[in-house]
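Written out below as structure tokens is the structure these notes cover.
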Amino acid sequence: MTKIEPQPRIMDIKLYQGGASAIPGLSNVVKLSSNENPAGPSSAAKEAITRSIHEMHRYPSTDHASLRNAIAEVHGLESERIICGVGSDEVITFLCQAYAGPDTEVIYTEHGFAMYKISALAAGADPVEVPERDRVVDVDAILAACTDKTRLVFIANPANPTGTMISGAEAKRLAEGLPEKCLLVLDGAYAEYVEDYDGGAALIDSHSNIVMTRTFSKIYGLGGLRVGWGYATQDVIDVLNRVRGPFNLSNAALAGAEAAVRDQSYVDKCRADNTRMRDWMAGALAALGVPSDTSTANFILARFADQAEAEACEDYLRSQGLLVRKVAGYKLPNGLRITIGDEPSCRQVVHAIGQFKEKRA
């Protein structure tokens, strides 16, 4: 047996489990397990990606200037204060690499995204889990958990897998109450699904301890390309760029993301379609006796009587070719996270849950 050992904390990492994409023995599967945009990317993004194949023999840009400029123009930001990564996951990794480490702490909440804990452990830091209040981030609990070792606080707003969010005033209160050496990371992967929400960007101008992360994997429909970005003060971005690989994004990814962010009419349509079907699904499930918190994202966290009922329902949905996400790993054993798909998919999954409830009545 080898005596070569990994860095401390690495073996404490549990491998990330993505949403299932196939069911053995079934070819016609409806995937509602990974919060993907059912409409896919815009035509503009597809065309840009197709054109990019002619540059496959060229190395991509090292500074991502064209994409950063497009993001800045659309969102009213400063391009020099934007960093791009392989999904927002990579920006989260950069933050832990640069600001956490041995003898430091990274705070995340009990139902928070798994990558916060994984990235903290990979950096050798101690992850600290803080309870939520009725599946909503609890600012007071986070502040009470902070110590002089706390370097990063991660919250997703809107949150995954709950779909809930805190107000801008609460985010501001959290930032202002953190220790001097601590950064607040506002993960805005689902920010585009909230009308007139900037993901916390405006707070950064008045609070130098805030970092915002965003992604092209959700509403933009580019999960397969893996593109994300972050926004912060110039000094933080300068630090993160020191650990970023020079060619971390491909030409196809850069071209597709730039075209996608400039096509805001498509984003508006996707947001409207999502809101319509999300509201319908939440109401239809509630009528079946399956409640959910008000979601601000592109999924619903359906709650069942207990873990046994949730697992039985998931099994039944699988038998009908419907994939949803069990979230017991996020300490929500009685929940199933259901992505808002297109209208036929939404109606199909609600009908199947109705059948399941009838069989158990």
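Using the Cα gyration tensor of segment 215-256, with a ≥ b ≥ c the square roots of its eigenvalues, what is the shape: rounded (a/c below 1.5), prolate (a/b larger than b/c) or oblate (neither)?
On the way: a/c = 3.20, a/b = 1.65, b/c = 1.93.
It comes out oblate by the Cα gyration axes.
From the alpha carbon centroid of segment 3-26 to that of segment 277-324 is 26 Å.
In terms of its Cα atoms, segment 96-226 spans 39, 32, 31 Å along the principal axes, sorted from long to short.
How many lysine pairs in the chain, separated by 8 or more positions in sequence or lying on different chains, have Cα atoms less than 22 Å apart? Taking the chain as the scope, the lysine pair count is 23. Mean separation of Cα pairs under 8 Å and 6+ residues apart, divided by the residue count of segment 43-263: what relative contact order is that in percent? Result for segment 43-263 is 30 percent. A simple count of charges around T215, restricted to other residues whose Cβ falls under 11 Å of its Cβ and scoring Lys, Arg +1 and Asp, Glu -1, yields -1.
Considering only DSSP beta bridges where both residues belong to the chain, give the percentage that are antiparallel (nearest 5). Can you show the working numbers first?
Working: 17 of 36 bridges.
If we restrict to bridges inside the chain, about 45 percent are antiparallel.
Normalised radius of gyration (Cα atoms, divided by 2.2 N^0.38 Å) for segment 194-302: 1.33. Each 10 Å bin from zero up to the one holding the largest Cα-Cα distance in segment 126-165 carries the following percent of pairs: 28, 55, 17, 0.
How big is the gap, in Å, between the Cα center of segment 48-71 and the Cα center of segment 116-174? Cα centroid of segment 48-71 versus Cα centroid of segment 116-174: 34 Å apart. Going by neighbour counts of Cβ atoms within 10 Å, the residues L203, L225 line up, fewest first, as L203, L225.
For the chain, what does the equivalent ellipsoid look like in terms of its semi-axes, each the square root of 5 times an eigenvalue of the Cα gyration tensor, given largest first in whole Å? Show your work: numbers first, answer last.
On the way: eigenvalues 203, 135, 85 Å².
Semi-axes (√(5λ), whole Å): 32, 26, 21.
This model, with +1 at the C-beta of Lys and Arg and -1 at the C-beta of Asp and Glu, gives segment 43-263 a dipole about its Cα centre of some 660 debye.
Hand me the chymotrypsin sites (Phe, Trp or Tyr not before Pro) from segment 203-304 located in a DSSP loop with no more than 11 other Cβ atoms within 10 Å, in residue order please. Intermediate values should be presented prior to the final figure.
Working: sites: F216, Y220, W229, Y231, F247, Y266, W280, F299, F304; in loops: F216, Y220, F247, F304.
Sites meeting the loop and neighbour criteria: F247.
All Cα-Cα separations within segment 283-348 were binned at 10 Å from zero, giving a P(r) of 20, 60, 20, 0, each value a whole percent of the pairs.
If the chain linking N28 and Q355 were pulled fully straight, counting 0.36 nm for each residue of separation and taking away their Cα-Cα distance, it would gain 115.8 nm.
Helical runs assigned H by DSSP (4 residues or longer) give the chain a calculated mean residue ellipticity at 222 nm of -12500 deg cm²/dmol, each run adding -39500 (n - 2.57) before division by the residue total. Rg/Rh, computed from the Cα trace of segment 1-65 with Rh as the Kirkwood radius, has the value 1.16.
Here, each number is a calculation from the coordinates, and none is a lab measurement. Predicted model only: the values in this text are computed from it and were never measured. When we count neighbours, we look across all protein chains shown, and the Cβ atoms used for this are built from the backbone with ideal geometry, even at glycine.
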